[in-house]
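Working notes, beginning with the structure itself.
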Amino acid sequence: IANSGLAPKGLEKAEAIFVAVELGLELGLPIMAALQNIAVINGRPGVFGDVQLAIVRSSGLLEDYAEKEVGEPGKDTFGIECICKRAGTGRFANSRFTVADAKLAGLWGKSGPWPQYPKRMLKFRARGFLLRDEFGDVLKGVRSVEEMRDQAEEDRFANAKNVHPMAPAGTPMV
């Protein structure tokens, strides 16, 4: 794969290809699907937002799923709501992500896909939160590439605390 020129950017080395293939197999993705739908962001692998839903659907645990626009277009109330029902739970769960949420997170107006594809980015954020909350066992903690790209590397551990038994309480991680 590395020598074929078909490896995506960031997966040019045999070791990186192996890691993507292994993660893909753990998530139920065939080898080529794993290579085309896994990306490494800040040293962590993630899957594209469309693949999160595909993985959950293929698990057989998704009984019902819907996405809808909410709020008023052009206003902070506008957003996307995703609704699902996990088999065996007897209940629906939902997640909503609005322009106001994107502004609060510092995403609205950020360079990149947010100004180019705002509706899609709202959808991926609402979808990612819902699927990780309801199907964490299926997704194994893997987040969407779209969400990971929005989180700067330096912010990843900003609020992390040292949990070493010998460290004084509240010691920041280094």
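Listed values, structure above:
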| item | result |
| --- | --- |
| Measure of compaction for region 1-74 (Cα Rg per 2.2 N^0.38 Å) | 1.36 |
| Portion, in percent, of the accessible area of the chain that falls on carbon or sulfur, probe 1.4 Å | 55 |
| Size of the chain as Cα extents on the principal axes (Å, biggest first) | 49, 45, 38 |
| Accessible area per residue, Å², the chain with all protein chains present, probe 1.4 Å | 58 |
| Nitroxide proxy distance, nm - points 7 Å out along Cα→Cβ at LYS9 and GLN116 | 1.0 |
| Order of exposure, largest accessible area first, which applies to THR98, THR89 with probe 1.4 Å | THR89, THR98 |
| Residue with peak Gaussian network fluctuation, the chain [Cα springs, cutoff 10 Å], from ALA102, ALA14, ALA126 | ALA14 |
| Contour minus Cα-Cα distance for ARG149 and VAL70 (0.36 nm per residue) | 26.0 nm |
| Estimated FRET transfer efficiency (GLU63, ALA33; beta-carbon r; R0 22 Å; 0.05) | 0.40 |
| Candidate lysines - alpha carbon under 18 Å from LYS75, same-chain residues fewer than 8 apart omitted | LYS103, LYS110, LYS119, LYS123 |
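The values are calculated or read from the model by the stated rules, or taken from the named source; none is laboratory data. Here the structure is a predicted model, which is why all the values come from computation and not from measurement. All Cβ positions, even for glycine, are placed from backbone atoms using ideal geometry, and neighbour counts span all protein chains on display. Surface areas here come from the heavy atoms of the whole protein model, side chains and all, with no ligands, DNA or RNA. Shrake-Rupley method; radii C 1.70, N 1.55, O 1.52, S 1.80 Å.
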